[in-house]
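The values are calculated or read from the model by the stated rules, or taken from the named source; none is laboratory data. It should be emphasised that the depicted structure is a prediction, and the values quoted were computed from it without experimental measurement. Here the Cβ positions follow ideal geometry from the backbone for every residue, glycine too, while neighbour counts run over all protein chains shown.
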4 protein chains.
Amino acid sequence: MQEDSIAVIQAKLKAFAVERDWEQFHSPKNLAMALSIEAAELMEHFMWLDLTQSENLPEEKRRQAAHELADVFIYTLRLAERMGVDLIQTTYEKMAINAEKYPADKVRGSAKKYTEY
Amino acid sequence: MQEDSIAVIQAKLKAFAVERDWEQFHSPKNLAMALSIEAAELMEHFMWLDLTQSENLPEEKRRQAAHELADVFIYTLRLAERMGVDLIQTTYEKMAINAEKYPADKVRGSAKKYTEY
Amino acid sequence: MQEDSIAVIQAKLKAFAVERDWEQFHSPKNLAMALSIEAAELMEHFMWLDLTQSENLPEEKRRQAAHELADVFIYTLRLAERMGVDLIQTTYEKMAINAEKYPADKVRGSAKKYTEY
Amino acid sequence: MQEDSIAVIQAKLKAFAVERDWEQFHSPKNLAMALSIEAAELMEHFMWLDLTQSENLPEEKRRQAAHELADVFIYTLRLAERMGVDLIQTTYEKMAINAEKYPADKVRGSAKKYTEY
């Protein structure tokens, strides 16, 4: 499968919503809720597992979790579009901020939050 | 800015984690938690707003919310990589499932869940 | 129904887990995930509603949402017990902190976060 | 400290909101979002820990996590009041449902969801 650009997927998602007259429900507030709910449904697959088990989901579970991850991605793309956010550019901006907050030499092997250094 | 493919961003995120010896923390279970936490931080920007206000965030708020959305995207990409999931292909699969669950003629203008029809 | 104290409900929840040999799954990390997942399931009932609609759920929806709220409460009680936290006393402590952070005269009618004043 | 009934705490929380003219923000939809956000802030304390570490938080972390748990409880109580839900009675109802869904003899030592048996 050829990898469509994010903009192409966003256009398809918008068409999907328009055909169903669902744009009226897709305010940023509602989409942020939907995104958070899908993230929780994804998390549910890992809830009672230990960390090692979470690395080795049975295939059927892995497929289900992958579909929840896709739902997260779908609402992320919809929300970016409704907020007028360029997702890729903003991601590079955020990665640059994170690199500054967490210099490799300082944080190596530690999971502390940047405010705790 | 040229739009890198998702695989390129994933490689950069992996390098970021490896340089900091953070791969040890990035089990799928932990990444799913991190994703859910970032989704909540995004939602916080909309918590007390009504739906119309959420369409019109002041610029500084919009920039902050965009950065939280980028964090959601970052953890989505990391988790896809750690689970061995092709995010784009899985998203198209999920969109096909959604199209079948929610035929446009049947659901137009309604926000009911597919189990309620 | 006589209102049992929180400690009584906690003892019943503990017995429920012990009888099923579920204490092994109830680490604070897992319970915090479970709590967050139940909160999302509760939120799902309100996802596509506007604020006024959310005040007037149809009776069957209200009953379902009430059960999700009970699940949130159940995991809150379990987690408090496993963390050795006195929930009522800590709640009064937190209410005192909130009263100091948000003096009535200063914040009346505003939903800003205390860091924004 | 004498343990006030839940109704007493709910009355104090209502007074707190009324004094600040915050009842206008406390629709069930918004309170469900707030609850979910507090649950995520609680979860953040456990995000990168393994299950055993989560049983042994350093005292300062434990105190912070306890305060987040109190916030979860506060929004649970507020939402119950705004929805007209008797939290204790509904919790006993839900516990009875759970006992039926998960008979001890059938589920002992297993973390599967009831739909998976």
Problem - Number of the condition not met by B:Glu55 [criteria: (1) closer than 19 Å to A:Val85 by Cβ; (2) buried (at least 16 other Cβ atoms within 10 Å of the Cβ)] - result: (2)
Exercise for the section: Report yes if D:Glu93 is over 23 Å from C:Thr90 (Cα atoms) and acidic (Asp, Glu), otherwise no. Expected result: yes
Practice task
Can you confirm whether the range B:48-55 contains a residue that is of a type outside the set (Ser, Thr, Tyr) and closer than 28 Å to A:Ala65 by Cα?
Solution key: no
Exercise for the section: Being more than 19 Å from C:Ala34 (Cβ to Cβ) and outside any helix (DSSP H, G or I) is the filter here, so list the residues in the range D:83-107 that pass it. Expected result: D:Gly84, D:Val85, D:Asp86, D:Pro103
Exercise for the section: Answer yes or no: is there a residue in the range A:93-101 that is at pLDDT 95 or above, buried (at least 20 other Cβ atoms within 10 Å of the Cβ) and not charged (D, E, K, R). Expected result: no
Practice task
Evaluate the range D:28-50: report whether one residue or more is modelled with pLDDT of 95 or more, more than 18 Å from the chain's Cα centre (by Cα) and polar (S, T, N, Q).
Solution key: no
Completion exercise
Within the range B:88-106, the residues that are within 25 Å of A:Arg63 (Cβ to Cβ) and either in contact (Cβ under 8 Å) with a residue 40 or more places away in the chain or more than 19 Å from the chain's Cα centre (by Cα) (or both) are B:Ile88, B:Ala99, B:Glu100, B:Lys101, B:Tyr102, B:Pro103
Exercise for the section: For B:Leu49, state whether it is outside any helix (DSSP H, G or I), aliphatic (A, V, I, L, M) and within 14 Å of chain D (Cβ to nearest Cβ). Expected result: yes
Handout entry: Looking only at the range A:66-82, and only at residues there that are more than 7 Å from chain B (Cβ to nearest Cβ) and over 13 Å from A:Ser36 (Cα atoms), the one that is surrounded by the most Cβ atoms within 10 Å (Cβ to Cβ)
Key = A:Leu77
